[in-house]
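Reading through the structure tokens given below for one structure.
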Amino acid sequence: RIVLAAADTFRAAAIEQLQAWGERTGAEVIAHRPGADPTAVVFDALEAARARGADRVLIDTAGRLHTKRNLMEELRKMTRVLGKTLPGAPHEVLLVLDATTGRGALAQAREFNQVAPLTGLILTKLDGTAKGGALLGIAETLQVPVRFVGVGEGLEDLMPFSPTAFAEALLPG
């Protein structure tokens, strides 16, 4: 049983988008109103998961640009609350990187890793012309594995990372 926490309370339609994913997958979604405190959403999701005997809580947060100090502080606050509410949490921290981001992704990942130590990376938007070449440098620099790649917007479009397939797509021929 999975609970989804709609902690991206700032992006237009983010809550609705996560609720649609909850319906598709059968996961319960814990959400507040747009503009609400994301840390309150995280706390409520953990409490709901505990009360319902859920196995996992997946937390969707707002995008974190390393240049946006207020968003990074918010992430720090969420991480603190997670650890206080559930000892040892967060158990997994995945940074989702857009394949079109390019070289700025390393600075973003470094800053994110200092605030919430990463356990893995996900690279999305590989269905377009972007190849996500910066990903390997980030994984090597931060010593974290690439867990998944996204090649579309469907449930089946998030796939386990294959180094061989990624290298072949990056360097065809």
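Using Cα positions and a limit of under 12 Å, work out the aspartates and glutamates in reach of LYS77, with same-chain residues fewer than 8 apart set aside.
Within reach: ASP37.
What are the residues whose amide H is under 5 Å from the amide H of ALA7, where those residues sit 5 or more places off or on another chain and H is modelled from the backbone?
Residues meeting the amide H criterion: ASP60.
Tell me which label goes with the value of P(r) over Cα pairs in 10 Å bins from 0, in percent computed from the coordinates here: (i) 10, 35, 38, 15, 2, 0; (ii) 10, 38, 38, 12, 2, 0; (iii) 9, 29, 22, 16, 12, 10, 1.
So the calculated entry is the one marked (i).
What per residue convex hull volume, in Å³, do the alpha-carbon atoms of segment 57-104 yield?
85
What nm value, rounded to one decimal, do you get for the distance between ARG52 and LEU155 when each label is placed 7 Å out toward the C-beta?
About 1.6 nm, to one decimal.
Using only the alpha-carbon atoms, what does segment 1-91 span along each of its principal axes? Please give whole angstrom values in decreasing order.
Principal extents (largest minus smallest coordinate, Cα): 36, 31, 19 Å.
How big is the charge dipole of segment 92-173 about its Cα centre, in debye rounded to the nearest 20, if each Lys and Arg gets +1 on its Cβ and each Asp and Glu gets -1 on its Cβ?
It comes to approximately 280 debye.
If you put +1 on each Lys and Arg Cβ and -1 on each Asp and Glu Cβ, how big is the dipole of the chain around its Cα centre, in Debye rounded to 20?
560
Any number yet on Rg/Rh for segment 92-173, C-alpha, Kirkwood?
On the Cα set of segment 92-173, Rg over Rh gives 0.95.
Laboratory data are not the source of any read-out in this text; all were calculated from the coordinates shown. Bear in mind that the values here come from a model prediction, so they are computed numbers and not experimental data. All Cβ positions, even for glycine, are placed from backbone atoms using ideal geometry, and neighbour counts span all protein chains on display.
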